[in-house]
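Visitor: First the structure, which I've put down as structure tokens, then a few questions once you've had a look.
The values are calculated or read from the model by the stated rules, or taken from the named source; none is laboratory data. It should be emphasised that the depicted structure is a prediction, and the values quoted were computed from it without experimental measurement. Counting neighbours? That spans all protein chains shown, and the Cβs are built from the backbone with ideal geometry, glycine included.
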Amino acid sequence: MDYLSLCLICKDENDYLPEWLDYHIAMGVDRFYIYDNDSRLSLRKTLKTYVQAGWVLVIDAPGANQQLAAYDHCLQIFGPHTRWLGFIDTDEFLLPKTTPNLPTLLQEYEPYAGLAVSSLFFGSGPHKTRPVSGQLAAYCLRTPEEFKENELVKSIVQPANVLFPNSPHDFLYRENAWCVNENFERVDGQRFPNRIAKIQLNHYYCRSSQEIDAKLRRGNAQSVALARQRFDAINARSTVPDSSILESLATLCHTAALEPANPGAHSRDLLNKIATLARLRTPLPTHLPPAPLGLSSRAAFSAEQQLKSQVRQAIQRDDLPEVQRLKLLRLQMAPGNILLLLELASTTLDLGDFSTTWQILSQAWQSSPNNYLVLHGMLIYFLRIENFPMAENTSRLLLQIAPHDLTTQAMLTHSLIAQQRWAEALQIGLPVLELAADQNNFPEGMAEFLLGRLSAYLTETHDYPALVRLWRAGCASQPGDLHPQVQLARALLLAGLLDEARQLLIRLPRQPQVLDLLDQLDATLASTGDIS
């Protein structure tokens, strides 16, 4: 039986696979199950050497939206042949940071059903075209840990404890089994505050500008519409140097008595060294079933996927009673699952059934006290029932787990405003709004609420410099929206910053509120004798 295997589904990623495979072989992976999603050049041909050696099994996965079906198929057919099974993509590399390889690290987590590995998104850096050096040598600038995208995790699971894949990032586990992160914090769902002391997932999402264009044209295994704005946001935030993966490879080279590589964008030296490290290992003997010709889904998985689809359709129809009924059916398939419990609580809260919502949240809390996701559900509940002291306390507990989370800080600000604690609300809320342009992930309407309430208070107290700062943040967090720009112009007038107010107003559409402010500006200038 293998100890660690990886499952991958990809399309037209042929050129990237040798680096990906060699690296993970060097890091201790025993087997690879690769699902070919209609690649123009067959992966069996590209990976012939790896297949013949016994490292790789290629399975055809034609058609759209096959990622979760491939994951479930891998769990069903190959899961019994491996202790751990990881699910990542070709632009993702698992980096153990406290052990020489992945199996040694995973031994510590054997009592748990899965290990959730935090992501770090890497940007293009200076590369306009694909570098010959490969991904690891070329891309060494990443986003900060607190960047919102870095909350996404990828999972390495013990198949014996898994029910179904829930998304490309997370899984539903059997009763009394769950996933943890490197700090043994329970992780339910696909997001959790970033933790990268022991292991990280380097996600070379952007690659070069040329490859971004190709990726946008190609789509992916889930047929997700990839927006250029996401690439641009990641590239803009990729300012943190990170060569830890190169340092780890240098250590492996030293241990194997190899000369260290000289990585560079125009050198294939690192690729050659990784290939040499991989050749030092031979695959374990195995008695795997022959590679199937296509995917076959388990009936239970198909039924669960059908329920998820029906939930989405009911949400689109705004049929909340039907959403509740379907979510209860999903919960019956995975009793006690925290994620499904909280999804049900969200629906009962939307239905105004506060008593049932609290019962569900209490059940989730009893199963997993101080759970990050449960605390978040409770925070939303306390805000909805207007128990603002409890909302404040819950916010502060969440911020102990995720100090940089803007959504939680915004909700804390909301609870402080409701308690008329304006000085504290401003101290937290203003910086939150100023950061929102980078990481705007507030609940719907939260930015508008904070802007409106804080603006009213600052206007009433005649704190016009702070009012200007507030609406500068409003403009940054809501680019293209006329309302914050008009409010900024009004604040500039009140603060006596007349030249800046004029420069802003003359750029705005000539709508009534803009014309009114221009009239106020002219009247102010006339009263001061400044008619320039």
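Visitor: From Leu136, Leu141, which residue is touching a residue at least 40 places away in the same chain (Cβ under 8 Å), surrounded by fewer than 20 Cβ atoms within 10 Å (Cβ to Cβ) and more than 14 Å from Lys198 (Cβ to Cβ)? Reasoning before the result, please.
Guide: Values: Leu136 fails: surrounded by fewer than 20 Cβ atoms within 10 Å (Cβ to Cβ).
Checking each option against the conditions leaves just Leu141.
Visitor: Restricting attention to the range 384-403, does a residue exist that is free of Cβ contacts under 8 Å to residues at least 24 places away in the same chain, more than 30 Å from Arg195 (Cα to Cα), loosely packed, with under 15 Cβ neighbours inside 10 Å and not charged (D, E, K, R)?
Guide: Scanning the range 384-403, I find no residue that is free of Cβ contacts under 8 Å to residues at least 24 places away in the same chain, more than 30 Å from Arg195 (Cα to Cα), loosely packed, with under 15 Cβ neighbours inside 10 Å and not charged (D, E, K, R), so the answer is no.
Visitor: List the residue pairs whose Cβ atoms are under 6 Å apart, where the first residue sits in the range 467-485 and is in the same structural domain as Glu500 (by TED's automatic domain parsing), the second is of a type in the set (S, T, N, Q) and assigned to a loop (DSSP other than H, G, I, E, B), and the two are 6 or more positions apart or on different chains.
Guide: Ser477/Asn440; Pro484/Gln478
Visitor: Quick one: is Thr99 more than 18 Å from Arg31 (Cβ to Cβ), in contact with a helix residue (DSSP H, G or I) (Cβ under 9 Å, 6 or more places away or on another chain), modelled with pLDDT of 95 or more and part of a loop (DSSP other than H, G, I, E, B)? If you could, list the steps in order and put the result at the bottom.
Guide: Values: more than 18 Å from Arg31 (Cβ to Cβ): yes; in contact with a helix residue (DSSP H, G or I) (Cβ under 9 Å, 6 or more places away or on another chain): yes; modelled with pLDDT of 95 or more: yes; part of a loop (DSSP other than H, G, I, E, B): yes.
Yes; evaluated as a whole, the condition is true for this residue.
Visitor: Select from the range 184-211 the residues that are over 15 Å from the mean Cα position of the chain (by Cα) and modelled with pLDDT under 95 and write down the one among them that is nearest to Glu151 (Cα to Cα).
Guide: First pass over the range 184-211, keeping only residues over 15 Å from the mean Cα position of the chain (by Cα): 184-186, 197-199, 207-211.
Within this subset, residues satisfying the condition of being modelled with pLDDT under 95 are 207-211.
On the way: Arg207: 20, Ser208: 23, Ser209: 24, Gln210: 27, Glu211: 24 Å.
Only one residue tops the list, namely Arg207.
Visitor: So, of the residues in the range 340-362 that are touching a residue at least 24 places away in the same chain (Cβ under 8 Å) and surrounded by fewer than 19 Cβ atoms within 10 Å (Cβ to Cβ), which turns out to be nearest to Trp178 (Cα to Cα)?
Guide: Across the range 340-362, the extreme among qualifying residues is Ser346.
Visitor: Six or more apart or on different chains, Cβ under 7 Å: which pairs go from a residue in the range 300-313 that's outside the structural domain of Val162 (by TED's automatic domain parsing) and charged (D, E, K, R) to one that's crowded, with 17+ Cβ neighbours inside 10 Å and part of a helix (DSSP H, G or I)? Could you list them?
Guide: Glu304/Arg330
Visitor: If the requirement is being farther than 16 Å from Leu433 by Cβ and acidic (Asp, Glu), which of these qualifies: Asp481, Asp519?
Guide: Numbers: Asp481 fails: farther than 16 Å from Leu433 by Cβ.
Going through Asp481, Asp519 in turn, the sole match is Asp519.
Visitor: Here's a follow-up. Identify, by number, the condition in (1) closer than 24 Å to Tyr23 by Cα; (2) touching a residue at least 24 places away in the same chain (Cβ under 8 Å); (3) in a helix (DSSP H, G or I) that Lys215 doesn't meet.
Guide: (2)
Visitor: Quick one: Leu458 ticks every box in (1) at pLDDT 95 or above; (2) touching a Ser or Thr at 6+ places or on another chain (Cβ under 9 Å) bar one, so which box is it?
Guide: (2)
Visitor: Output the residues belonging to the range 273-291 that are surrounded by 14 or more Cβ atoms within 10 Å (Cβ to Cβ) and part of a helix (DSSP H, G or I).
Guide: Lys273, Ile274, Ala275, Thr276, Leu277, Ala278
Here is a yes/no grid of residues against (1) charged (D, E, K, R); (2) part of a helix (DSSP H, G or I); (3) at pLDDT 95 or above:
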| position | (1), (2), (3) |
| --- | --- |
| Gly86 | no, no, yes |
| Leu94 | no, no, yes |
| Thr104 | no, yes, yes |
| Glu108 | yes, yes, yes |
| Tyr112 | no, no, yes |
| Val117 | no, no, yes |
| Pro131 | no, no, no |
| Glu146 | yes, no, no |
| Val153 | no, no, yes |
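Visitor: When Gln316 is evaluated against the numbered criteria (1) farther than 30 Å from Ser118 by Cβ; (2) out of contact with any helix residue (DSSP H, G or I) (no Cβ under 6 Å at 6 or more places or on another chain); (3) without any contact (Cβ under 8 Å) to a residue 40 or more places away in the chain; (4) in the same structural domain as Leu458 (by TED's automatic domain parsing), which criterion, by number, is the only one it fails?
Guide: (4)
Visitor: If Gln366 satisfies all but one of (1) without any contact (Cβ under 8 Å) to a residue 24 or more places away in the chain; (2) assigned to a loop (DSSP other than H, G, I, E, B), what's the number of the condition it fails?
Guide: (2)
Visitor: What pairs come up if the first residue lies in the range 65-84 and is hydroxyl-bearing (Ser, Thr, Tyr), the second is buried (at least 22 other Cβ atoms within 10 Å of the Cβ), and their beta carbons are under 6 Å apart, counting only those six or more places apart or on different chains?
Guide: Tyr71/Phe87; Tyr71/Pro165; Thr82/Ser5
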